[in-house]
Amino acid sequence: MSDPVLLYTSPDCAAVRRYLEEHHVAYEERDVTAPSVAAEAKLHYGVRVAPITVIAGEALWGTFAHQKPRLDELLTKT
């Protein structure tokens, strides 16, 4: 994967971090508990919940279990 994954997180987002690390995926993490980061997420993706995982311009949000099937698809394409 050429560009790192952008990952908006809060303290309880360990599952998605662990998943990316286990798959050797570089990611840039931004903490949505900072008001400016939450506002950035809302502006760009329409939500400020965590985790938000952005891969190749596609934003996924919701629980890790909800994101995992699409994460698997996106990561096997790259």
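The values are calculated or read from the model by the stated rules, or taken from the named source; none is laboratory data. Being a predicted model, the structure only gives us computed values, none of them experimental. In this analysis, Cβ positions are derived from the backbone assuming ideal geometry, glycine residues included, and neighbour counts consider all displayed protein chains. Keep in mind that these areas ignore ligands, DNA and RNA; they rest on the heavy atoms of the full protein, side chains included. Shrake-Rupley method; radii C 1.70, N 1.55, O 1.52, S 1.80 Å.
Quick notes on this structure:
- Normalised contact order of the chain, rounded percent, pairs of Cα under 8 Å and 6 or more residues apart: 32 percent
- Between helix 35-45 and the chain: long-axis angle, C-alpha atoms, 0 to 90°, nearest 10: 60 degrees
- Net charge over other residues, Cβ less than 15 angstrom from the Cβ of VAL32 (K, R count +1; D, E count -1): -1
- Accessible area (Å², per residue) of the stretch 5-77, counting only protein heavy atoms and a probe of 1.4 Å: 57 Å²
- When the stretch 5-77 is reduced to its Cα atoms, the Kirkwood hydrodynamic radius in Å: 12.1 Å
- Per atom type, the stretch 5-77 shows carbon and sulfur on 56% of its accessible surface, probed at 1.4 Å.
- Charges were assigned to the Cβ only: +1 to each Lys and Arg, -1 to each Asp and Glu. The resulting dipole of the chain about its Cα centre is roughly 200 debye.
- Protection-proxy order for peptides 6-15, 30-39, 48-57, each taking the mean of Cβ atoms within 10 Å per residue, highest first: 48-57, 6-15, 30-39
- Additional length obtainable on full extension of the chain from GLU28 to LEU43, 0.36 nm per residue less Cα span: 3.6 nm
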